[in-house]
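In what follows, a structure is listed as structure tokens, so that the remarks can point back to it.
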Amino acid sequence: KRPPLYGHERLLQEKNDGIWKVSPEGTNIINPPPTKYDNANQHGHDRRRGNNDEYNNERRQRRRLNILLLYADDWRHDTLGAAGHPVVKTPVFDRLGQEGMRFRHNCVTTSVCWISRVSFVTGQYMSRHGTVYPKDGAFLKNWNETFPGLLRSRGYHVGLVGKWHLNEFPKHEFDFSRMYYGEHYLKVRGGGHIHVTEKNEKDSIDFLRRRPRDKPFCLIASFFATHAEDMNPKQYLPQRESMGLYKNVTVPQSRTHSDEARNRLPPFITEDNEGRIRYFKRHDTPKKHQIMMKNMYRMATEVDTASGRILEELKEQGVLDDTLIVFTTDNGLYSGEHGLAEKWYPHEESIRVPLIIKDPRMPDTMRGRVNDDLTLNIDMAPTILSAAGIQVPERMQGRDLSELYIHGDGDNNKQRIPWRTEFFYEHPQLYNAWSIQASQALVRKDVKYFLWPDYGVEQLFNITSDPYEEKDLIKDPRHKKLISEMRTRLLELRDLVI
């Protein structure tokens, strides 16, 4: 009889003649040595059934966790059932949030695929890791300071399947790798096609089944969905079996999906801007907008389903409760808001992305909570390394997110652990001066200051009273002092991230 998907406690390895297995290196304890709870049966507790919380917590702290990263593409913070989305269904991620913690104000420091992905593995801002274009591979010289490099050097079996989005892939630095992205249907050797999300799922499960059982593992399941197929007029091509989803639903249109909102953008964002060009491919008519959004939401549900099957494989192998599980994405997405498509700029739709963490070490009192702290994509590398018991390199700029959920009660914990209340956002000019303009921002939960550095243009938005960023307050004399303070603070933080 198979155990339930969540909440099952089972040993990773069998006990051989009363001796706990240890890795050949002598540093990776696959099963911890006996603790005072190993004889818990004589006190009326059956350790095999995991009904002694103190015993289980000690075991999990002493064991190096496996790591599963479910990493999707072009998926903003509110595209989740758990976030209250009126259309899209994501039951697997919703359940993951109930068993773990969802982070409501999780953001990226640069909202574009390849830069965000390098920040994800390095824990560094673009200004420090130096990757501006996919051809820029300077960060690879310091691969031993990325979280995949450090995990592998400490005995982890490390794999990556799916999207990489940089010209050079360090295949020799992974134990398992299968790279592909750009198209939603991929050719299969011998004829036929497979959907990219289905292949992400199959390759992830193949990694899990092939992995050595005497090592902890880290798998980055890097989904290409829900990124558009840019050169295809259809843009979003879900699996054929999904076409019945959302068929009879009308997708609500955002209040800033309007000509009025588009005209409030700075004048240098012209019709030659890449965000406008892609807007006309996807959202310029109500009919086109409905088709595009439904197909994108179908692809989101497909990623959710595929992730559920990967989690099912962890359960089958008996390691689900020994695995740190993370769902997040590389950047957000405009879907017509402000008259734009894609990402790049500092609006909420672009910079905020989902984050759900299920950590075996998380106290029961913290499970199912929604965290409102400002968290960043650069926090993932320190979080992962800390979970593996590996010292975080000094050049990483993020923080270990387990500080927000591992110790004590949430409210008391916040009093003990000061957390960031703002962050610096950066994005370079890409391609040319009119295509994707450089932008910077000082982001706080209640207010946001934009700087368009190549034009010397500033904007100010009160996020509390104006969550859709419709009313620019930069010329309001009542905010003169705030603007001066935020302008100075942005420059201070900009210097610190280098």
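Sorted by accessible area (1.4 Å probe), largest first, how do Tyr297, Tyr431 line up? Provide the component values of the computation, followed by the final result.
On the way: Tyr297 15, Tyr431 135 Å².
The ranking, largest first, comes out as Tyr431, Tyr297.
Counting only protein chains, not ligands or nucleic acids, how are Met296, Met231, Met179 ordered by accessible area (probe 1.4 Å), most first? Don't jump to the answer; show the numbers that get you there.
Numbers: Met296 15, Met231 170, Met179 65 Å².
Order by accessible area, largest first: Met231, Met179, Met296.
Considering only the chain, what is the antiparallel percent among its DSSP beta bridges, to the nearest 5? Walk me through the intermediate numbers first.
Working: 31 of 59 bridges.
Around 55 percent of the beta bridges assigned by DSSP in the chain are antiparallel ones.
For the stretch 329-410, run through the GluC sites (Glu not before Pro) and keep only the ones in DSSP coil with at most 16 other Cβ atoms within 10 Å of their Cβ. Mind showing how you got there, number by number?
Values: sites: Glu337, Glu342, Glu348, Glu349, Glu394, Glu403; in loops: Glu394.
Hits after loop and neighbour filter: Glu394.
Taking the stretch 212-277 as the region of interest, what is the percent of Cα-Cα pairs per 10 angstrom bin, listed from the shortest bin to the one with the maximum distance?
Taking every Cα pair in the stretch 212-277, the percentages come to 13, 25, 30, 19, 8, 4, 0.
Express the relative contact order of the chain as a whole percentage, based on alpha carbon pairs under 8 Å and six or more residues apart in sequence.
Working: 973 pairs, mean separation 109.9, N = 498.
So the answer I get is 22 percent.
Roughly how many Å² is the accessible area per residue of the stretch 60-203, as a whole number, for a 1.4 Å probe? Can you show the working numbers first?
Numbers: 5320 Å² over 144 residues.
Roughly 37 Å² per residue, with all protein chains present.
Once you place label points 7 Å from the Cα toward the Cβ at Lys247 and Lys481, how far apart are they in nm?
6.1
Just by accessible area at a 1.4 angstrom probe, what is the order of Thr383, Thr488, Thr250 from largest to smallest? Show your work: numbers first, answer last.
Values: Thr383 0, Thr488 70, Thr250 105 Å².
The ranking, largest first, comes out as Thr250, Thr488, Thr383.
Please report, as a whole percent, how much of the solvent-accessible surface of the chain comes from carbon and sulfur atoms (probe radius 1.4 Å). Can you show the working numbers first?
Numbers: 10260 of 21310 Å².
C and S atoms contribute 48 percent here.
With every protein chain left in place, what is the accessible area of His283 in Å² (1.4 Å probe, nearest 10)?
The accessible area comes out at roughly 10 Å².
Place a +1 charge on the Cβ of each Lys and Arg in the stretch 119-180 and a -1 charge on the Cβ of each Asp and Glu, then give the dipole magnitude about the Cα centre in debye, rounded to the nearest 20. Display every interim value, and only then the final one.
Numbers: 8 positive and 5 negative charges, 12 e Å.
Computed about the Cα centre, the dipole is about 60 debye.
Normalised by the residues of the stretch 126-246, what does the relative contact order come to in percent, with Cα pairs under 8 Å and at least six apart?
For the stretch 126-246, the relative contact order is 25 percent.
Per the helix-only calculation at 222 nm, which mean residue ellipticity applies to the chain, given -39500 (n - 2.57) for every DSSP H run of n ≥ 4 and division by its residues, nearest 500 deg cm²/dmol? Write down the numbers at each step before the final one.
Values: 13 runs with 136 residues, N = 498.
Helix contribution divided over all residues of the chain: -8000 deg cm²/dmol.
Give the accessible area for Leu245 in Å² (nearest 10); use a 1.4 Å probe, count only protein heavy atoms, and leave out ligands, DNA and RNA.
The accessible area of Leu245 comes to roughly 60 Å².
What is the dipole size for the chain, taken about its Cα centre, with +1 at each Lys and Arg Cβ and -1 at each Asp and Glu Cβ, in debye to the nearest 20?
On the way: 75 positive and 69 negative charges, 188 e Å.
Around 900 debye, computed over the chain.
Structure shown: which of Lys187/Lys215; Lys202/Lys343; Lys315/Lys358; Lys343/Lys471 lie over 22 Å apart, alpha-carbon to alpha-carbon?
Numbers: Lys187/Lys215 33 Å; Lys202/Lys343 29 Å; Lys315/Lys358 14 Å; Lys343/Lys471 20 Å.
Result: Lys187/Lys215; Lys202/Lys343 exceed 22 Å.
If the cut-off is 17 Å between C-alpha atoms, which lysines fall inside it for Lys294, apart from same-chain ones fewer than 8 positions away?
Excluding near neighbours in sequence, the set is Lys89, Lys234, Lys247, Lys281.
Could you work out how far helix 53-62 tilts from the main Cα principal axis of the chain, as a 0 to 90 degree angle to the nearest 10?
80
What FRET efficiency comes out for Val188 versus Asn142 if R0 is 41 angstrom and r is the Cβ-Cβ distance? Round to the nearest 0.05.
Working: r = 37 Å, r/R0 = 0.90.
After rounding, the FRET efficiency stands at 0.65.
Please go through the stretch 166-209 and write out the trypsin sites (Lys or Arg not before Pro) that DSSP classes as loop and that have at most 14 other C-beta atoms within 10 Å.
On the way: sites: Lys171, Arg178, Lys187, Arg189, Lys199, Lys202, Arg209; in loops: Arg189.
For trypsin sites (Lys or Arg not before Pro) across the stretch 166-209 that sit outside H, G, I, E and B with at most 14 neighbouring Cβ atoms in 10 Å, the list reads Arg189.
For the stretch 419-481 and the stretch 287-355, what is the separation of their C-alpha centers, rounded to whole Å?
25
The values are calculated or read from the model by the stated rules, or taken from the named source; none is laboratory data. These figures come from a predicted structure and were not determined experimentally. As a convention, Cβ positions derive from the backbone with ideal geometry for all residues, glycine included, and neighbour counts pool all protein chains shown. Remember, those area values only see protein heavy atoms, side chains included, never the ligands or the DNA or RNA. Shrake-Rupley method; radii C 1.70, N 1.55, O 1.52, S 1.80 Å.
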